[in-house]
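Shown next, in structure tokens, is the structure this report addresses.
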Amino acid sequence: MLSIVYVSSATRLLEENELLDMLKTCQRNNARTNVTGLLLYKGGNFMQAIEGPEPFVRGLYKKIQRDSRHTGVYKLIERNIEEREFSNWTMAFQNVDKLPPEALSGFSSFLADAFTSKAFTENPTRAHKLLLMFKENMR
């Protein structure tokens with residue numbers, strides 16, 4: 001199995017209903033191809049982990065790179081995995097901009113920077129830790 005974590009910027013700010021529609025489509029498609037993961041959206045930027053069978057993950061990543069809603073797609077991590085980290089999530093989603101202030105305690109050091117900032121691109125494990133933290137705490 002393969003895991004990819006990437007960041008990108010939206011070509012325009014997306015409304016909540018657009019994000020939810022995108023999530024429904026992702027969930028349906030990912031269930032068909034046995035891909036799991038987590039998508040975060042903050043201030044017009046995406047951070048996503050996708051994992052599953054290598055051909056499907058690679059194909060999905062190429063599709064994301066061509067998606068007109070994304071620009072500046074930057075792969076932070078690509079690695080082979082033995083076990084899924086998001087096994088029960090065909091695709092989970094959190095609009096970080098919509099979190100109440102009390103939900104951000106403990107996350108502030110991660111969320112102070114844009115997902116596309118050097119803080120993440122120069123230290124990709126930071127992005128991976130953020131995604132895992134959301135998986136464990138934002139159900």
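The values are calculated or read from the model by the stated rules, or taken from the named source; none is laboratory data. Here the structure is a predicted model, which is why all the values come from computation and not from measurement. Every residue, glycine among them, receives a Cβ derived from its backbone with ideal geometry; neighbour counts consider all protein chains shown. We work out accessible area using only protein heavy atoms, side chains counted, and drop any ligands, DNA or RNA first. Shrake-Rupley method; radii C 1.70, N 1.55, O 1.52, S 1.80 Å.
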- request: For segment 27-67, evaluate the Debye formula with one uniform point scatterer on each Cα (no solvent term) and list log10 I(q)/I(0) at q = 0.24 Å⁻¹, rounded to two decimals.
  value: -0.85
- request: Take the cross-link list K42/K118; K75/K118; K42/K129; K42/K75; K24/K118 and give me the ones stretching past 20 Å between alpha-carbons.
  value: K24/K118
Loop sites in segment 1-78: chymotrypsin sites (Phe, Trp or Tyr not before Pro), DSSP, at most 11 other Cβ within 10 Å: none
task: List the residues of segment 74-89 whose backbone N lies under 12 Å from a point placed 7 Å from the Cα of E54 along the Cα-to-Cβ direction.
output: 79-81
message: Which order do you get for S9, S87, S3, S68 if you rank them by accessible area with a 1.4 Å probe, largest at the top?
response: S68, S87, S9, S3
- prompt: Is segment 1-69 rounded, prolate or oblate when judged by the Cα gyration tensor, a ≥ b ≥ c being the square roots of its eigenvalues, rounded requiring a/c under 1.5 and prolate requiring a/b larger than b/c?
  reply: prolate
query: Just by accessible area at a 1.4 angstrom probe, what is the order of M1, M22 from largest to smallest?
result: M1, M22
field: Hypothetical label at L132: residues of segment 44-73 whose amide nitrogen lies under 15 Å (7 Å Cα-Cβ projection)
entry: 49-50
